[in-house]
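Any read-out appearing in this document is the output of simple, stated calculations on the displayed coordinates, not a laboratory observation. Worth saying up front: this structure is predicted, and the values here are computed from it rather than measured. Every residue, glycine as well, gets a Cβ built from its backbone with ideal geometry; the counts of neighbours run over all protein chains shown.
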Amino acid sequence: MTTTISRLYNNYGDARAAVQQLEVAGVPHADIGIIASNADNWYSKDGKDTFPDRDLDGKDDRAEGAGTGAAIGAAAGGTAGLLTGLGLMAIPGVGPVVAAGWLVATLAGAAAGGATGGALGALTQAGIGKDEADVYAEGLRRGGAVVSARVADNDAARLQAIMDRSAVRVADRAAAYRKSGWKSFDPNAKPYNADQVQKERSLYTK
């Protein structure tokens, strides 16, 4: 039997580190997915800084001899196996995100604002409970990232510990959001811009 573990991170760098640690721990590419906010344009829209990056090490796989990867459109069409080349999409209420892996097909409907119920629908389909999905979606809107891994039940505790190393404590983050007046994720809310994301992240920098 398998279970899905998901964690929220403050930024793509923390999420990428978690992905790399999962791979070292033996989780296959095919069982890992990542969604990261691109509100601060760390992943270039003009394509100059985009490239296949299946291992999410920030280096072009082609230069590493690892193949060209697949475009996000192909992944959404059903080849969501390996963590293929990162690709951009816009999610209502969240804004621009970069996604890779098995979550891409789920997110495709959210990007279209369609039948999956947007960001919350995509996250709940990834196995995140409704209350936590609200916080995860809001975290994405504010510049965060989500990693989901499908793992064997008997490996879950070990892999949860790995994912927890740099993850957000969701209950604490929800409390911080509510202290500022937030109640739940609003798909009609205006996504954060780069300046707002930078200010938000500074709140949680140690």
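In terms of packing, defined here as the mean over residues of other Cβ atoms within 10 angstrom, the peptides 152-161, 93-102 line up highest first as 93-102, 152-161. Looking only at region 1-37, which residues have a backbone nitrogen under 18 Å from a spot 7 Å from the Cα of GLN198 in the C-beta direction? Under cut-off, by backbone N: 11-13, 37. Protection proxy ranking of 177-186, 8-17, 132-141, by the mean of other Cβ atoms within 10 Å over each peptide's residues and highest first, is 132-141, 8-17, 177-186. Each label was represented as a point 7 Å from its Cα along the Cα-to-Cβ direction; for GLN160 and THR4 these points are 1.7 nm apart.
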